[in-house]
Amino acid sequence: MPNNFTAELFAEAELQQAPRTEQVGPQAFVLRGFALPWIERLVPALRSVLRAAPFRQMVTPGGFTMSVGLSSCGQLGWTTDRSGYRYTGIDPQSGQPWPAMPEAFRELAQAAATEASFPDFAPDACLINHYVPGARMSLHQDKNERDFSAPIVSVSLGLPAVFQLGGEQRGDRPLRVPLQHGDVLVWGGVDRLRYHGVLPLKDGTHPLLGPRRINLTFRHAG
Ligand code: MD6
Ligand code: FE
């Protein structure tokens, strides 16, 4: 039986680990550390997805090779080439369907969406971004999904990054949101079409994932 003293210590440790929610828009939230309890299930699942669909550097319609490596899992995967951005059911590199979305991925995405007041989130696509030091994502809007009523859930793993959260116009001055290993960003509703990007990744090595940042973004795309 724990005495009062140890019970208090446990309560304090739980408080420190409790996810802290930061609101960054009317319907946009950073859930600090929300993914940490899932990490032991996420990492092996991620490795197996990447064996079937390795990271590749895609070309934008404008002809630029992205510095970020991309892969996907779930019914739909996001791709870009000279002919445009789109979701496909087949990985163009393997000619096979994208790997299934691991159960731990889906559970985490649904739990985070619910925490941010988007219950009933049913992701059918998980885009996986791979950043090495120096890689960046320029300001863009996510508008290839058919239905904008579903939120996007974005899980940050590995090295920290600075996320830029802009407004509805490309020229709106972006907010800088630092994202750490285990943080989850959820946004939807009125915030769904805000411009956003990631500043060039700083040098470093993450104890679990090495010299990289991996970002999972879950969407209802189809
Ligand atoms: C990234 N994320 O964090 C890039 N898009 O690596 C995104 O482009 C993104 O995090 C929509 C919603 C959340 C995101
Ligand atoms: Fe995006």
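Side notes on the structure shown:
- All positions within region 151-176 that are crowded, with 22+ Cβ neighbours inside 10 Å and either in contact (Cβ under 8 Å) with a residue 60 or more places away in the chain or within 15 Å of ligand 2 (Cβ to nearest atom) (or both): 151, 152, 153, 154, 155, 156, 157, 161, 163
- Counting residues in region 78-92 that are part of a loop (DSSP other than H, G, I, E, B) and aliphatic (A, V, I, L, M) gives zero.
- Any hit, region 138-148, residues being out of contact with any Cys (no Cβ under 6 Å at 6 or more places or on another chain) and over 18 Å from residue 218 (Cβ atoms): yes
- Scanning region 175-196 for residues that are in contact with a Gly (Cβ under 8 Å, 6 or more places away or on another chain) and either near ligand 1 (Cβ under 9 Å from one of its atoms) or among the small types (Gly, Ala, Ser) (or both) yields 182, 187, 194, 196.
- Matching option when the condition is touching a residue at least 40 places away in the same chain (Cβ under 8 Å) and open to solvent by 20 Å² or more (accessible area, probe 1.4 Å), among 56, 86, 51: 86
- Residue in region 107-144 that is nearest to ligand 1 (Cβ to nearest atom), counting only those that are surrounded by 14 or more Cβ atoms within 10 Å (Cβ to Cβ) and of a type in the set (D, E, K, R): 142
- All told, residue 66 meets the bar of being out of contact with any Pro (no Cβ under 9 Å at 6 or more places or on another chain) and either at pLDDT below 95 or of a type in the set (A, V, I, L, M) (or both).
The values are calculated or read from the model by the stated rules, or taken from the named source; none is laboratory data. Quantities reported herein were computed from a predicted structural model and do not represent experimental measurements. Glycine gets a Cβ as well: all are built from the backbone with ideal geometry, and neighbour counts include every protein chain shown. Just so you know, the surface numbers come from the protein's heavy atoms only, side chains and all, with ligands and any DNA or RNA stripped out. Shrake-Rupley method; radii C 1.70, N 1.55, O 1.52, S 1.80 Å.
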